[in-house]
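Colleague: One structure is given below, represented as structure tokens, and several questions about it will come after.
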Ligand code: PGA
């Protein structure tokens, strides 16, 4: 079985001070946990402070986004080599909010994945269908397009994590059913196997979308669910600690 991976995606939340407050409570509460991987993705502005606080802990520093060039005239962007320099280990790429509000296409996402892997960053590549696409029974078609587009000519399987996040389940409190999650994760696993062969069994596939302390256990124990990407419920240290320690009383 792959080691579970539980990642906090703070999105555009928390000032530096709030991030420090969170960590002062959260770090001690997960100390000593070694049988699963924990990640936190703060805003770029908090990356340095959070990175310092996470040094010598069991929590990995993650970023929420990256650009595909390493330097130059790209106002407002942050590059893979800058993230590497800041000791970021994982970068989230292709989140549905990036696709929706910043018009990221599969092609752009593919460029970002290439550029990040080149700098030896590990990638959490997000995919997922909208409610309309699900209603039209296009879920698998969409997932396949996103997988093929995003992973075009990508070879470093060992540095890849996939996050399946149905857009309609993100921040809505509506969680996908166990059947829906199992079906999507199995389909993703099969598509990855089509591309990479048996080594695809080593790629972790996370679920994201309204994960909470209440539903984590039933989700993370499903077949082909190797962890979770948590938005809203990761903002509170107690709530995120409960998610990380889903199998403890
Ligand atoms: P949510 O967000 O947990 O608030 O639904 C998940 C995500 O977008 O990564």
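Colleague: Taking 4 °C and 1.567 mPa s as the conditions, I'd like the Stokes-Einstein D for the chain in µm²/s, using the Kirkwood hydrodynamic radius from alpha carbon pairs. Mind dumping the intermediate values first?
Modeller: Working: Rh = 18.1 Å.
It comes out at roughly 72 µm²/s.
Colleague: Suppose only helical runs count, i.e. DSSP H with n ≥ 4. What mean residue ellipticity at 222 nm does that imply for the chain under -39500 (n - 2.57) per run, divided by all residues and rounded to the nearest 500 deg cm²/dmol?
Modeller: Per the formula, -11000 deg cm²/dmol.
Colleague: Roughly what % of DSSP beta bridges within the chain run antiparallel, to the nearest 5? Please list the in-between numbers first.
Modeller: On the way: 0 of 29 bridges.
Just about 0 percent of them are antiparallel.
Colleague: Now for a separate question. Per residue and in Å³, how big is the convex hull formed by the alpha-carbon atoms of region 101-222?
Modeller: Working: hull volume 13.9 nm³, N = 122.
Per residue, the Cα convex hull of region 101-222 comes to 114 Å³.
Values quoted throughout were computed directly from the atomic coordinates according to the rules given, and no laboratory measurement underlies them. Predicted model only: the values in this text are computed from it and were never measured.
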